[in-house]
1. When you check Tyr53 against the structure, is it of a type in the set (Ser, Thr, Tyr), part of a helix (DSSP H, G or I) and within 16 Å of the chain's Cα centre (by Cα), yes or no?
2. Working carefully through the options Glu48, Glu39, Glu58, Glu62, find the one that is outside any helix (DSSP H, G or I), in contact with a helix residue (DSSP H, G or I) (Cβ under 9 Å, 6 or more places away or on another chain) and either of a type in the set (S, T, N, Q) or open to solvent by 30 Å² or more (accessible area, probe 1.4 Å) (or both).
3. Please verify whether Lys140 is modelled with pLDDT of 95 or more and either within 17 Å of Tyr66 (Cβ to Cβ) or of a type in the set (S, T, N, Q) (or both), treating the condition exactly as stated.
4. Lys127 is checked against (1) at pLDDT below 95; (2) open to solvent by 80 Å² or more (accessible area, probe 1.4 Å) and fails just one. What number does that condition carry?
5. Go through the stretch 16-67 and give me each residue that's charged (D, E, K, R) and either in contact with a strand residue (DSSP E or B) (Cβ under 8 Å, 6 or more places away or on another chain) or farther than 27 Å from Ala99 by Cβ (or both).
6. Among the candidates Glu24, Glu7, Glu1, which residue alone is out of contact with any Leu (no Cβ under 8 Å at 6 or more places or on another chain) and modelled with pLDDT of 65 or more?
7. Are any residues in the stretch 96-125 of a type in the set (S, T, N, Q) and part of a helix (DSSP H, G or I), and if so, which ones?
8. So if I check each of Ser68, Ser82, which one is of a type in the set (Gly, Ala, Ser) and open to solvent by 50 Å² or more (accessible area, probe 1.4 Å)?
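The values are calculated or read from the model by the stated rules, or taken from the named source; none is laboratory data. Fair warning: this is a prediction, and the values are worked out from it, not measured in the lab. Please note: Cβ atoms are built from the backbone with ideal geometry, for glycine as well, and neighbour counts cover all protein chains shown. These accessible areas exclude ligands, DNA and RNA; they are computed on the full protein's heavy atoms, side chains included. Shrake-Rupley method; radii C 1.70, N 1.55, O 1.52, S 1.80 Å.
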Amino acid sequence: ENKAETEKINDGGTAPDENEVEDEIWKIKAEDYKKKGNEQFKVNNLREAIVWYSQAIELDPEDKVYFSNRSATYLKIGNSKSKALKDAEMCVKLDPNWAKGYSRLGAAQHSLKRYDDAIDSFKAGLKLDPDNQILKDGLKVSLADQEVERKIRWETARIERETEEAERIAEEEAKMRRVQSEMKGPA
């Protein structure tokens, strides 16, 4: 027996079973994969970072940080926004009291132009961490973009109404000309 196990047993504890030791080994490996992912992220080798974060998740699918990091990486790639959202949702599911999870979720929702959802996520994060500048900035940008989007929708609707009205008037004028032409009879 090793000395630590013997001391633990002598202190009234029990030696760790094989499953506990194996779990610790997997966690250490997963942490190593995360570190490799972080290194790749720092040098902007994003696809390789995703591979490492994914391997960490395979080993320890209960660690919110691995999903958080992969979410940020998917978001940075730009064409994987729905994957970023899925990982961010998992962060919040794993730990609904972790403000950073809401930051990731809000950022992913914002990237998909789901401004109402993003605003709700940033607000939820701020309830947990009221001084978090990233959450504050995300909320501010989402509110501004939501307003821009609202104005664009209103302007588009106004143009559509005006176009429909102009088409209706043109049709009525054409009908009037036909009626007038018919009333005059053959020339």
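1. no
2. Glu62
3. no
4. Lys127 satisfies every listed condition except (1).
5. Selection gives Asp17, Glu18, Glu20, Glu22, Asp23, Glu24, Lys29, Arg47, Glu48.
6. Glu24
7. Ser103, Gln109, Ser111, Ser121
8. Numbers: Ser68 fails: open to solvent by 50 Å² or more (accessible area, probe 1.4 Å).
Sole residue among the options that is of a type in the set (Gly, Ala, Ser) and open to solvent by 50 Å² or more (accessible area, probe 1.4 Å): Ser82.
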